[in-house]
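Visitor: I have a structure I would like to understand better, so I am pasting it below and will then ask my questions one at a time.
The values are calculated or read from the model by the stated rules, or taken from the named source; none is laboratory data. Here the structure is a predicted model, which means the values were calculated and not measured. Glycine also receives a Cβ, built like all others from the backbone with ideal geometry; neighbour counts cover every protein chain displayed. SASA here: full protein model, heavy atoms, side chains in, ligands and nucleic acids out. Shrake-Rupley method; radii C 1.70, N 1.55, O 1.52, S 1.80 Å.
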Amino acid sequence: MHGGTNMAYEHIIFEIKSSLATITFNRPKALNALNNALIEEFSMALDTIASNQDIRVLILTGAGDKAFVAGADINELAAFNPLEAKLFSRRGHRTIDKLQTLSIPVIAAVNGFALGGGSEIALACDFIYASEDAKFGLPEITLGIIPGFGGTQRLPRLIGKNLAKELIFTGRMISAEEARQMGIVNQVHEAESLMEAVKKTANMIAAKGKTSLRAAKEAINKGMDVDLSTGCHMEIDAFSLCMASSDAKEGTHAFLEKRKAIFKGSLIG
Ligand code: CO8
């Protein structure tokens with residue numbers, strides 16, 4: 001554990017252990033609902049992670065055994081005028097953009113309800129593992145509003161337009177298994193072994209080169225927003241840049257020398 005990571009936080013728990021960082025949304029009495037203060041702290045923690053060269057993978061999860069995040073805090077939401085709603089939604093988008101564009105891989109460990117803004121945070125992660133009892137949904141329509149943290153954009157890009165419309169128009173919750181079948185969730189685990197499975201994958205990733213992970217993540221994310229030919233050109237550029245990194249030297253030399261590669265984890269040199 002690096003010193004100081006938990007000092008300023010009330011609504012999240014922010015831990016760094018060896019090269020893995022974990023942010024736990026921590027308002028279990030309100031099923032970890034996102035209020036302004038929590039979003040502010042989440043955003044600060046993401047800034048710290050972005051400027052820390054030692055962290056290789058970020059894991060997001062929820063405190064308690066009931067929820068990942070049950071959405072935006074409806075107590076705050078109910079009192080918003082349109083301008084306040086715009087500022088709240090914009091702050092949420094900025095924070096979720098920050099999450100999606102982190103150079104390191106991010107895994108969501110969804111250990112219960114991931115509703116509304118909670119689903120939207122998970123959708124901005126690189127992939128999701130869920131516990132058997134996890135539930136996903138965008139129930140905003142039931143509140144007379146629509147998803148405001150990217151759900152109308154990221155969900156159709158992930159599972160297709162018509163399935164996304166059905167979920168957004170009905171607001172219905174789906175099980176972890178249904179979410180896996182739709183391609184929202186990569187793996188489903190028993191609640192007790194979820195974190196172990198997430199950490200196993202996180203550690204496999206953490207042993208890889210930071211430059212090449214960053215290049216792969218950027219090529220995939222940016223490539224998804226453009227046509228195939230432009231995406232392939234982006235890959236060519238990213239691939240050639242990788243060859244200038246110490247990761248590429250280490251990885252290829254280790255293979256030829258019949259030893260395991262040890263990547264320094266530096267983006268530079
Ligand atoms: N906000 C505030 N409090 C919440 C929330 C929430 N989203 N979810 C749960 N809680 C609270 C409950 O009020 C309850 O508090 P208390 O014990 O004081 O009564 C406590 O958490 C436990 O919840 P329940 O007793 O309801 O637990 P159940 O197991 O009976 O039900 C559910 C669990 C099904 C998850 C239920 O709590 C629920 O439906 N929650 C609301 C889910 C929801 O609608 N989320 C979407 C919110 S809107 C949103 O996320 C939009 C994001 C973009 C916003 C941008 C716009 C500006």
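Visitor: I want to confirm something. Restricting to the stretch 32-58 and keeping residues that are away from the ligand (no atom under 16 Å from the Cβ) and open to solvent by 60 Å² or more (accessible area, probe 1.4 Å), which single residue is nearest to Ile262 (Cα to Cα)?
Guide: Per the stated criteria, the residue is Asp54.
Visitor: Which one of Gly62, Gly71 is touching a helix residue (DSSP H, G or I) at 6+ places or on another chain (Cβ under 6 Å) and either under 25 Å from Gly209 (Cβ atoms) or modelled with pLDDT of 95 or more (or both)? Before the answer, list the steps.
Guide: Details: Gly62 fails: touching a helix residue (DSSP H, G or I) at 6+ places or on another chain (Cβ under 6 Å).
Just one listed residue meets the conditions, Gly71.
Visitor: List, please: which pairs have Cβ atoms under 8 Å, are six or more places apart or on different chains, and start with a residue in the stretch 209-230 that is under 28 Å from Asp54 (Cβ atoms) and end with one that is open to solvent by 50 Å² or more (accessible area, probe 1.4 Å) and of a type in the set (Phe, Trp, Tyr)?
Guide: Ala215/Phe239
Visitor: Of the residues that make up the stretch 122-136, is at least one closer than 26 Å to Pro28 by Cβ and within 10 Å of the ligand (Cβ to nearest atom)?
Guide: Scanning the stretch 122-136, I find at least one residue that is closer than 26 Å to Pro28 by Cβ and within 10 Å of the ligand (Cβ to nearest atom), so the answer is yes.
Visitor: Considering only residues that are open to solvent by 10 Å² or more (accessible area, probe 1.4 Å) and out of contact with any Gly (no Cβ under 7 Å at 6 or more places or on another chain), look in the stretch 105-121 and name the one that is farthest from the ligand (Cβ to nearest atom).
Guide: Pro105
Visitor: Separate question: Quick one: which of Lys249, Lys199, Lys258, Lys217 is of a type in the set (Lys, Arg) and modelled with pLDDT under 95?
Guide: On the way: Lys199 fails: modelled with pLDDT under 95; Lys258 fails: modelled with pLDDT under 95; Lys217 fails: modelled with pLDDT under 95.
It is Lys249.
Visitor: How many residues does the stretch 244-266 contain that are small (Gly, Ala, Ser) and open to solvent by 40 Å² or more (accessible area, probe 1.4 Å)?
Guide: The qualifying residues number 1.
Visitor: Moving to a separate point now. Which members of the stretch 101-141 meet the condition of being in a helix (DSSP H, G or I) and among the hydrophobic types (A, V, I, L, M, F, W, C)? Full working, then the answer.
Guide: The initial filter retains those residues of the stretch 101-141 that are in a helix (DSSP H, G or I), namely 117-123, 139-141.
Within the stretch 101-141, Ile121, Ala122, Leu123, Ile141 qualify.
Visitor: With the requirement that a residue be out of contact with any Cys (no Cβ under 6 Å at 6 or more places or on another chain), assigned to a helix (DSSP H, G or I) and of a type in the set (A, V, I, L, M, F, W, C), what does the stretch 248-262 give you?
Guide: Ala254, Phe255, Leu256, listed by residue number.
Visitor: Against the conditions (1) open to solvent by 40 Å² or more (accessible area, probe 1.4 Å); (2) of a type outside the set (A, V, I, L, M); (3) outside any helix (DSSP H, G or I), where does Lys98 fall short? Just the number, please.
Guide: Among (1) open to solvent by 40 Å² or more (accessible area, probe 1.4 Å); (2) of a type outside the set (A, V, I, L, M); (3) outside any helix (DSSP H, G or I), the lone unmet condition for Lys98 is (3).
Visitor: Now a separate question. So Thr61 fits all but one of (1) surrounded by 22 or more Cβ atoms within 10 Å (Cβ to Cβ); (2) in a loop (DSSP other than H, G, I, E, B); what number is the exception?
Guide: Exception for Thr61: condition (2).
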